[in-house]
Amino acid sequence: MGFFDHWHDSRALMLACAVVFASSADLKAGTLEGAASYAASSSSQPFGLAASRVFAGGLREKWRGVERKLDDERVQLALCDGDRERCASPAALGFLAIVDTARARDGRARLGEINRAINLAIRPMSDQAQYGEMDVWTSPLTTFAHGAGDCEDYAIAKFVALNQAGVSADDLRIVIVRDSLRGEDHAVVAARLNEHWLLLDNRRMAMVEDGDARNYRALFVIDQYGLLQYADPSLVADIPRVAPPSALNAALQPG
């Protein structure tokens, strides 16, 4: 099947990608329990907003589960990378082929290659259709083995592939956003290049800067150290630099 045939057939499902990242109770309580009493510098994060480290809650535990799988998969990828002929994992070989092509490129071309190749390698499919349950986060080799996933699966695969291709972990984020046009949550990767954050999105081949994604409101961000929650920009001025977790909990509740 040609590129345009593939893209036409997949486009409707890509646009329909919605993610249930946490229940409303999680957003109001669990994910904010134990939030750090400091905010990460807004200049270090996509969308230019301050974000506070989150140490507890359902969303953090979901990411911790992915991290444990990533530790195992990095070992498998290293073994396959060292001996492709004996690699018994077609998923690992397919993933490494994408990484190899990206490594041969620099700068924006490297980011664009990862975005394009992974968008085409994974069929859009909801967690409900694939696993019979909502909000399943999968590691890259699991996603490649199935050949299908939803937006956070694309984002996790890109996050790992970019790092494997030579992009510093300091310049990579997974960002959970609220899409105001579609009224749903969504996941993208943000990669920093020349002090600008570019968004790698399974809904489009072209990358855009974070400031140009007007319909995206940033909710959470994941970096190499874990999960952070963005402050509501309208409340940032009212949140003290040093505040107890209870104060952040009250200030950052939705609505």
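The values are calculated or read from the model by the stated rules, or taken from the named source; none is laboratory data. Worth saying up front: this structure is predicted, and the values here are computed from it rather than measured. Please note: Cβ atoms are built from the backbone with ideal geometry, for glycine as well, and neighbour counts cover all protein chains shown.
Values as computed for the structure displayed
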{"quantity": "Only one of SER234, SER168, SER180 that is closer than 22 Å to ALA50 by Cα, at pLDDT 95 or above and over 14 Å from the mean Cα position of the chain (by Cα)", "calculated": "SER168"}
{"quantity": "Failed condition for THR31, given (1) at pLDDT below 90; (2) more than 20 Å from the chain's Cα centre (by Cα); (3) hydroxyl-bearing (Ser, Thr, Tyr)", "calculated": "(2)"}
{"quantity": "Every residue from the range 183-197 that is surrounded by 21 or more Cβ atoms within 10 Å (Cβ to Cβ) and among the aliphatic types (A, V, I, L, M)", "calculated": "ALA187, VAL188, VAL189, ALA190, ALA191"}
{"quantity": "Hey, GLU133 among the acidic types (Asp, Glu), closer than 22 Å to ARG64 by Cα and buried (at least 20 other Cβ atoms within 10 Å of the Cβ) or not", "calculated": "no"}
{"quantity": "Positions within the range 66-87 being β-branched (Val, Ile, Thr) and free of Cβ contacts under 8 Å to residues at least 24 places away in the same chain, in sequence order", "calculated": "VAL75"}
{"quantity": "Failed criterion for LEU111 (all others in (1) buried (at least 20 other Cβ atoms within 10 Å of the Cβ); (2) over 18 Å from the mean Cα position of the chain (by Cα) hold)", "calculated": "(2)"}
{"quantity": "Residue identified as within 25 Å of LEU228 (Cα to Cα), buried (at least 22 other Cβ atoms within 10 Å of the Cβ), modelled with pLDDT under 95 and under 15 Å from the mean Cα position of the chain (by Cα) among ARG64, ARG60", "calculated": "ARG60"}
{"quantity": "Flag for ALA91 being aliphatic (A, V, I, L, M), over 23 Å from LEU198 (Cα atoms) and part of a helix (DSSP H, G or I)", "calculated": "yes"}
{"quantity": "Verdict on ALA51 being in contact with a Gly (Cβ under 7 Å, 6 or more places away or on another chain), hydrophobic (A, V, I, L, M, F, W, C) and more than 23 Å from MET207 (Cα to Cα)", "calculated": "no"}
{"quantity": "Subset of the range 112-135 that is in contact with a Gly (Cβ under 8 Å, 6 or more places away or on another chain) and not hydrophobic (A, V, I, L, M, F, W, C) - its residue that is modelled with the lowest pLDDT", "calculated": "GLN130"}
{"quantity": "Within the range 115-161, considering residues that are small (Gly, Ala, Ser) and closer than 15 Å to LEU172 by Cβ, the one farthest from the chain's Cα centre (by Cα)", "calculated": "ALA161"}
